[in-house]
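Single-structure report; data block below.
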């Protein structure tokens, strides 16, 4: 390969309270014997990417842009109250992008068989033209799969599969999932339907209810409906759900996690004819895996004493599942990337477009069904 340099997106926090996002030109790192060089052709902008790209302190009403093309530089003011939490990032130019896909163009001597293969990969720095990684970290796609189809082959698919593995590991029999109209939510609907796992989907609009019903979801509840709590209790009674995964971190004005726990408790308590001073003995667990809503989580003591709330993070959970389970999950994703794990995108953008204020504001809203896909090789705006 003749290319000596690679363009990539960089994000830096400055000591005067700004985020600088730019397009950097860095040397291509060529592979050692157990590595491969991937020409990245597609990479999604996931909610999990925003913490590094714009931080959670960005003031999106104060974005300035200078230059054009590869000289584009975007500056975003940081909320003064949040600057102290970013002190360890000050002055550090960081690459961005958790996952992506592309074609292997160079390899070390141990991985020659992978040359020309389309692969999905994760591990950071994917908003780049080229990425050198360990060969074993690549997920090789079936012939006929494009990089755009494979771009979201890690974060959402493995998270959806991880929810089911968690359910089995902890001996639950049904799941409640919030923000369920997302790409991840649709994957979970398909997986649960295929395995006959009862799944209660919570969304926020009638249109999202309709969309999930179209792909086979049985229980879809709109949290803005007047009968939401009644419908949630009835759905939990029918499914026996005692496990929930919440992507909002503060949905429904901070009440959503508490509403799910309360509904689980009411459903469990109706089965008992005795007075339950400390609530039911049915254990209820909610895992929070996202912060789509910045409201504080509000818990009212209406769900007894046998419950748990915790964070859920993909990589630590994969370690719990074990290597065999993880490999089985990866292979399933590769086989079903065009069906079960198919992702949809609002728009495909270039490096320069990614730095435009209106696009930054749009993907930062994290609106359901409006994810952006970055193509490092697309030119212009």
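Derivation of every value follows stated rules applied to the coordinates shown; laboratory data play no part. The model shown is predicted, which means the values in this text are computed figures rather than measured ones. In this analysis, Cβ positions are derived from the backbone assuming ideal geometry, glycine residues included, and neighbour counts consider all displayed protein chains.
Each helix, a run of at least 4 DSSP H residues, gives -39500 (n - 2.57); summed and divided by the residues of the chain, these come to -7500 deg cm²/dmol at 222 nm. Cα gyration tensor of segment 156-319, axes a ≥ b ≥ c as square roots of the eigenvalues: rounded (a/c below 1.5), prolate (a/b > b/c) or oblate? Rounded is the answer for segment 156-319, as its axis ratio a/c remains below 1.5.
The calculated FRET efficiency for residue 113 paired with residue 137, based on their beta-carbon distance and R0 = 22 Å, is about 0.90.
Listed options for Kirkwood radius over Cα pairs in Å are (1) 22.2; (2) 20.4; (3) 21.6. The value calculated from this structure is the one marked (1). Looking at the chain, the DSSP beta bridges with both ends there are about 65 percent antiparallel.
In segment 156-319, what % of DSSP beta bridges are antiparallel (nearest 5)? Of the beta bridges lying entirely in segment 156-319, close to 0 percent run antiparallel.
Taking other C-beta atoms within 10 Å as the exposure proxy, 260, 297, 90, 78 rank 90, 297, 78, 260 from fewest upward. Using 7 Å Cα-to-Cβ label points, what is the residue 1/residue 325 separation (nm, one decimal)? It is 3.5 nm. Put in line by how crowded their Cβ is, counting other Cβ atoms within 10 Å and starting with the fewest, 212, 114, 374 read 114, 212, 374. Would you mind classifying segment 26-110 by shape? Square roots of the alpha carbon gyration tensor eigenvalues, ordered a ≥ b ≥ c; an a/c under 1.5 is rounded, otherwise it is prolate if a/b is larger than b/c and oblate if not. Here segment 26-110 falls in the prolate category. Listed from fewest to most Cβ neighbours within 10 Å, the set 312, 377 follows the order 377, 312. Working from Cα pairs under 8 Å separated by at least six residues, relative contact order for segment 156-319 is 21 percent.
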